[in-house]
1. Evaluate E = 1/(1 + (r/R0)^6) for residue 237 and residue 93, where r is the Cβ-Cβ distance and R0 equals 45 Å; express this FRET efficiency to the nearest 0.05.
2. For residue 263 and residue 250 in the same chain, what is the full-extension length gain: residue separation times 0.36 nm, less their Cα-Cα distance, in nm?
3. How many angstrom lie between the C-alpha centres of the range 237-257 and the range 293-310?
4. Once you have the Kirkwood Rh of the range 191-309 from its Cα pairs, apply Stokes-Einstein at 25 °C and 0.890 mPa s and quote D in µm²/s.
5. Each label point is 7 Å from the Cα along the Cα-to-Cβ direction; what then is the distance between the points at residue 136 and residue 220, in nm?
6. Just how far, in whole angstrom, is the range 50-76 from the range 138-187 if you go by their alpha carbon centroids?
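The numbers here are math on the coordinates, done by the rules we state, and not lab data. The structure displayed is predicted, hence computed values, not measured ones. No Cβ is skipped: glycine too gets one built from the backbone with ideal geometry, and neighbour counts run over all protein chains shown.
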């Protein structure tokens, strides 16, 4: 099994196949909301005169919503932080939503393979965030933490909207410009924080925020044995756990990053060791928390947490 690979079941695949046959049968039946939306109807869906968009995870859905404004209706499949994202099993209703979309936004890099499969079985224009930045299966799939991926994905979403709804091309250009201005402010904040975080060794219970830490110039000092076990979704050995605890105690790690969405008895041992050693802890989740309306605000808050902990 490759690193980061999410396990799926034959039952899920069978369910998806059956649902997609039903969904495809209904494609193209919606009435157009105006001449500008005719191409979107051909591509798969119009919802109340707006482009119907389906995003596999809420952070990318927030980007899709900002870039589409009043011209799109965005449906997010995964929205809760109390569900382990890698173990998520979509319902038949989840899969069916892709059959009604004109544009589908997925994360890719084998993070949400069920969504990629569902989208490719429809006429929807597919935007694969990882693919847009050349990140492939086997690479770290938590790509929304990367400035490079965010920029590439935003432009791909805008292009999909303009193709689906050419009558509003200039509106999408303006929305794209406004989004990039906000992203630029975030990147300026990252550069400012890097003055404090650059070169700082950190360790993580799971490499969720690896791209953000890299943008901040930090050094991943997660003990090798533990890091490999986490990447392969296997249990770390007692020796791996002890090695992590010892590294926290001996001062070779300046910060611990904890994915609370994947908390378990092992991460509790690591967190406890960090607290005992006085190592600052940054807690985060994979899915965007409910208190944030969009990906950029969430990332900005995390940058502040990293800078404060450094």
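1. Working: r = 41 Å, r/R0 = 0.90.
Once the sixth-power term is evaluated, E becomes 0.65.
2. Full-extension gain reported as 2.3 nm.
3. So the separation of the two Cα centres works out to 25 Å.
4. Numbers: Rh = 14.5 Å.
Translational D for this selection: 169 µm²/s.
5. 1.8 nm
6. 12 Å
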